[in-house]
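For reference, the structure discussed in these notes is given below.
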Amino acid sequence: MKIAIVCYPTFGGSGVVATELGIELANRGHEVHFITYRQPVRLALLNSNVHYHEVNVPEYPLFHYQPYELALSSKLVDMVKLYKIELLHVHYAIPHAYAGYMAKQMLKDQGITIPMVTTLHGTDITLVGNHPNYKTAVSFSINKSDVVTSVSKSLKEATYELFDIKKEIHVIPNFIELVKHPSENNSVCQRSTMAKPEERIITHISNFRKVKRIPDVIKIFNKIQQSLPARLMMVGDGPEKVKAEQLCEKLGILDKVIFFGNSNEIDSILSYSDLFLLPSETESFGLAALEAMAWSVPVISSNSGGLPEVNFDGISGYLSNVGDIDSMAENALRILSDDTILKEFKTNALNTAKQFDIKNILPLYEELYHQALLKTKAK
């Protein structure tokens with residue numbers, strides 16, 4: 001099958017998921033064409049089945065904002081015709097499904113019919129899409145897609161609640177490519193550089209936006225370190241980082257917290273971690289939690305959005321109400337205070353992550369691709 005994947009090429013969850021999906025599809029023999037404005041960060045073009053086509057947006061003084069959707073739809077048309085692409089898979093309703101629909105219409109005028117699968121990831125629905133300026137376009141784009149998927153049941157329900165959607169939405173969760181055992185990790189980053197042998201390592205990874213409730217992370221850790229030796233690893237960057245550093249200083253724990261910024265050593269940090277904190281206001285799925293669990297790291301999280309669908313309460317970690325710092329700290333100590341319990345939760349975290357292995361999830365997409373192609377040919 002010849003598949004075009006349209007996504008954001010950044011470090012964000014949707015871009016990572018789309019890229020990993022495309023790579024695995026290529027490994028299974030499909031011909032995959034990534035079409036976006038920059039090569040995706042996780043994409044290494046070492047597979048003969050993987051192709052990348054850059055979308056160039058010409059700059060005209062007439063336009064205050066450059067028309068990316070126009071350039072993208074035109075590029076899609078050109079690549080479909082040139083490479084005989086059979087199916088479009090776009091990640092994010094706006095602008096990608098919108099541009100994909102325009103490409104479909106232009107191709108239809110030239111006698112080419114091609115199905116489009118749209119995957120909803122979260123902020124395209126709950127934040128961007130729900131803005132009054134975009135709401136009509138989002139509803140239109142989703143309803144005009146041949147197949148629609150969302151990364152969680154929670155996001156599916158939110159989509160139906162916020163928009164006038166007539167299409168069936170299929171839930172296909174995010175996935176993980178299970179990592180190598182930590183002993184095979186050849187990174188220069190060592191545990192001794194982060195913590196003393198007797199200290200538990202607590203980790204948080206995010207883009208440090210308000211929705212991640214960064215102050216809660218700091219306050220939960222503060223309660224943990226009052227009861228047992230611990231260090232906190234803060235990985236990522238964003239608008240809340242400075243405030244987080246100031247809060248650590250105010251609480252007198254700045255010497256127990258390491259702010260890594262945007263690090264390339266995430267796997268190494270997770271491989272040495274004992275617990276992962278994700279007290280977010282909401283998460284469409286919770287990919288960061290899943291990545292931690294793939295390294296056998298139990299998760300303390302809020303019970304908001306799609307998090308209960310990936311972090312199983314009392315098994316891979318614990319869930320608490322948003323903002324309930326005391327409950328999260330108590331649950332963290334319940335895991336960390338006993339080596340036997342910690343080992344059990346680590347095992348459960350990895351076993352839970354295995355359910356989301358890409359090899360289990362990819363066939364779900366392939367089945368929908370085939371359904372979309374059959375429906376298109378039947379028309």
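Note the direction-averaged projected area, equal to a quarter of the hull surface, for the Cα convex hull of segment 182-354, in nm². If you can, show how the numbers build up before the last one.
On the way: hull surface 35.2 nm².
Average projection, Cα convex hull of segment 182-354: 8.8 nm².
List the pair-distance distribution P(r) of segment 219-287, using every Cα-Cα distance, as the percent of pairs falling in each 10 Å bin from 0 up to the bin containing the longest distance, rounded to whole percents.
16, 51, 32, 1
Work out the FRET efficiency for N133 and L70 from their Cβ-Cβ distance, taking R0 = 25 Å, and round it to the nearest 0.05. Can you show the working numbers first?
Values: r = 18 Å, r/R0 = 0.71.
Efficiency, rounded to the nearest 0.05: 0.90.
Fewest Cβ neighbours within 10 Å first, please rank T282, T119, T36 accordingly. List each step's numbers first, then the result.
Working: T282 20, T119 29, T36 25.
If I rank by nearby Cβ atoms, fewest first, I get T282, T36, T119.
Take segment 273-379, compute every pairwise Cα distance, and split them into 5 Å bins from 0; I just need the percent in each bin.
The calculated distribution, bin by bin, is 2, 13, 21, 19, 14, 8, 6, 5, 4, 3, 2, 1, 0.
With a 10 Å radius around each residue's Cβ, average the other Cβ atoms per peptide and rank 317-328, 81-92, 164-175, 14-25, highest first. Mind dumping the intermediate values first?
Values: 317-328: 18.8, 81-92: 20.5, 164-175: 16.8, 14-25: 22.9.
Going by the mean number of other Cβ atoms within 10 Å, highest first, we get 14-25, 81-92, 317-328, 164-175.
Order of 202-209, 252-259, 26-33 by packing, highest average Cβ count within 10 Å first? Before the final figure, lay out each step's value.
Details: 202-209: 22.5, 252-259: 15.8, 26-33: 17.4.
Ranked by mean Cβ neighbours within 10 Å, highest first: 202-209, 26-33, 252-259.
How much length, in nm to one decimal, is gained on full extension between E366 and V57, taken as 0.36 nm per residue of separation minus their Cα-Cα distance?
Full-extension gain reported as 108.1 nm.
What does the extension gain come out to for E281 and L162, with contour length at 0.36 nm per residue minus their alpha carbon separation? Write out the running numbers ahead of the final one.
Numbers: separation 119, 0.36 × 119 = 42.84 nm, distance 1.82 nm.
Gain on extension, E281 to L162, equals 41.0 nm.
K153: which lysines have alpha carbons under 17 Å from its alpha carbon, excluding same-chain residues fewer than 8 sequence positions away?
Straight-distance partners of K153: K166, K167.
For K210, which aspartates and glutamates qualify as cross-link partners when the Cα separation must be under 18 Å and same-chain residues fewer than eight apart are set aside?
D124, D237, E240, E245, E281, E283, D324
Which FRET efficiency value, to the nearest 0.05, do you get for Q226 and N303 by plugging their Cβ-Cβ distance into 1/(1 + (r/R0)^6) with R0 = 35 Å? Intermediate results must be reported in sequence, preceding the final value.
Details: r = 25 Å, r/R0 = 0.70.
Efficiency computed from Cβ-Cβ geometry: 0.90.
Hey, what number do you get for the chain at 222 nm if only DSSP H runs of n ≥ 4 count, each worth -39500 (n - 2.57), divided across all residues, to the nearest 500?
Details: 13 runs with 152 residues, N = 379.
Computed ellipticity for the chain at 222 nm equals -12500 deg cm²/dmol.
Over the chain, what portion of Cα pair distances is larger than 31 Å, expressed as a whole percent?
Numbers: 28018 of 71631 pairs.
More than 31 Å apart: 39 percent of the Cα pairs in the chain.
Do the alpha carbons of any pairs in K212/K243; K241/K346; K212/K343; K196/K354; K156/K354 sit beyond 20 Å of each other, and which pairs?
Working: K212/K243 13 Å; K241/K346 29 Å; K212/K343 27 Å; K196/K354 30 Å; K156/K354 23 Å.
Too far apart for the 20 Å limit: K241/K346; K212/K343; K196/K354; K156/K354.
Over segment 236-379, what is the relative contact order in percent, taking alpha-carbon pairs closer than 8 angstrom and at least six residues apart?
Details: 169 pairs, mean separation 26.8, N = 144.
This gives 19 percent for segment 236-379.
Read-outs: derived from the displayed coordinates by stated rules, not from any lab. All figures in this text were calculated on a predicted structure; none of them were measured in a lab. Reconstructed Cβ throughout: ideal geometry from the backbone, glycine too, with neighbour counts over all protein chains shown.
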